[in-house]
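This report concerns only the one structure given below.
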Amino acid sequence: MKISVLGKDGFIKKNFLENLQAICDGRNRSRAELSISSVSDVEGGDTLIILPSDDDSFLRVRNEGKEILCYRTPMLIGKWDDSGSLMQRLCEAAAGAAERPGYSDGEVLELLFIEDLIKTVLDTLEGKTGEEILPKTYKVTVDSVIEALEAFSRLNSTLFIREMPRDSFSYKLYSLYLSYLPEKKMSYPVKMNTDNRGVFSELIKTESCGQVSVNIAKPGVTRGQHWHNTKWEIFIVVSGHGLIRLRKIGSDRVLNFEVRGEDMRAVIMLPGYTHSITNLEKDRDLVTVMFANEQFDSENPDTFFEEV
């Protein structure tokens, strides 16, 4: 199959060309049913993808002269858009790179993400038909988009990530927002809680799925020595050599797990088991990635000191 993508230059064409080329040269192996021999932006292919334009909002796909898809597109949004569109300006404003554009109170937008449109075209080229392959669109108010984008922009300071199910509007909007992130926002400092034992830093927090932290223990240091009622954790040593110990409250039996960064394994800190982690190294730090099933709550820490 030789594919020609026809239409004006811009983010729509760029997204189509790059995704089709990835299938053509084997970088995208998720479309095994598609055999694409060439991709270009000039006529000559046996398959034509005619992009929507300012005068014609329909996307059309023709194979050997026969139209196999005709779809009227609402407002298309996606990465690499530098046209000055409303969504680009809203994302850049939330990221602190531009002023927020004006809009009408209560204004409603019908949005279609470029990746969803590409999926529909690829499904069509694979021979799939019917309404089930048509892309999902989202009707949202500009106010709700701004609220979501501003929440995304606070991640650097709050570490809090909203719930974003895989196919949700929030999931796709966050990816779009990140594509407009200025260079100065691509890196941010992580708060380091330091004492004579080492460093503890929270990395990511979620509303209902806990948080991820990193713990750095100095040579010979033991950390932990506590248990929880309902909180549970997973420890993964990524650098160094350590010993994780657990003991069920009321029991004398101690469980020992020797862990190394060179042979990473996850160890679960069970509720009702006091636990500790010791750096067995003499001259280097022990680095452990930790997952907890809930955010730390200083008012209700569910943490009780008891040596293993």
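The values are calculated or read from the model by the stated rules, or taken from the named source; none is laboratory data. Predicted model, so just to flag it, every value in this text is computed and none were measured. We place every Cβ from the backbone using ideal geometry, glycine too, and count neighbours over all the protein chains shown.
Results, tabulated for the structure shown:
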item	result
Criterion (under 29 Å from residue 169 (Cβ atoms), surrounded by 14 or more Cβ atoms within 10 Å (Cβ to Cβ), among the small types (Gly, Ala, Ser) and at pLDDT below 95) met by exactly one of 95, 22	95
Strands (runs of 3 or more DSSP E) wholly inside the range 216-283 containing at least 1 residues that are among the aliphatic types (A, V, I, L, M)	233-239, 241-248, 254-260, 266-269, 273-279
Scope the range 187-212; condition in contact (Cβ under 8 Å) with a residue 24 or more places away in the chain, small (Gly, Ala, Ser) and in a strand (DSSP E or B); matching residues	198
Any hit, the range 288-303, residues being over 32 Å from the mean Cα position of the chain (by Cα) and modelled with pLDDT of 95 or more	no
Residue count for the range 249-308, restricted to those that are touching a residue at least 24 places away in the same chain (Cβ under 8 Å) and not hydrophobic (A, V, I, L, M, F, W, C)	23
Any chance residue 174 is over 19 Å from residue 119 (Cβ atoms) and in contact with a helix residue (DSSP H, G or I) (Cβ under 6 Å, 6 or more places away or on another chain)	no
Selection within the range 185-203 - β-branched (Val, Ile, Thr), surrounded by 14 or more Cβ atoms within 10 Å (Cβ to Cβ) and modelled with pLDDT under 95	none
Among the candidates 69, 90, 51, 76, residue that is at pLDDT 95 or above and farther than 30 Å from residue 126 by Cβ	90
Any hit, the range 177-184, residues being within 30 Å of residue 213 (Cβ to Cβ), in contact with a helix residue (DSSP H, G or I) (Cβ under 6 Å, 6 or more places away or on another chain) and either assigned by TED's automatic domain parsing to the domain that holds residue 13 or surrounded by 14 or more Cβ atoms within 10 Å (Cβ to Cβ) (or both)	yes
Filter result for residue 61 (farther than 17 Å from residue 117 by Cβ and more than 29 Å from the chain's Cα centre (by Cα))	no
Residue within the range 65-75 that is of a type outside the set (Ser, Thr, Tyr), touching a Leu at 6+ places or on another chain (Cβ under 6 Å) and assigned to a strand (DSSP E or B) present	yes
Every residue from the range 256-284 that is farther than 21 Å from residue 308 by Cβ and either surrounded by 14 or more Cβ atoms within 10 Å (Cβ to Cβ) or within 32 Å of the chain's Cα centre (by Cα) (or both)	261, 262, 263, 264
Residue 129 being at pLDDT 95 or above, among the β-branched types (Val, Ile, Thr) and either under 25 Å from residue 57 (Cα atoms) or in contact with a Cys (Cβ under 8 Å, 6 or more places away or on another chain) (or both)	no
Residue check for residue 22: closer than 30 Å to residue 84 by Cβ, free of Cβ contacts under 8 Å to residues at least 24 places away in the same chain and of a type outside the set (D, E, K, R)	yes
Within the range 29-72, tally of residues that are without any contact (Cβ under 8 Å) to a residue 40 or more places away in the chain and surrounded by fewer than 15 Cβ atoms within 10 Å (Cβ to Cβ)	19
Pair list, Cβ under 8 Å, 6 or more apart: the range 4-15 residue closer than 16 Å to residue 88 by Cβ and assigned by TED's automatic domain parsing to the domain that holds residue 39, other residue modelled with pLDDT of 95 or more and assigned to a helix (DSSP H, G or I)	11/114; 12/114; 15/114; 15/115; 15/118
Scope the range 109-151; condition touching a residue at least 24 places away in the same chain (Cβ under 8 Å) and polar (S, T, N, Q); matching residues	120, 124, 137, 141
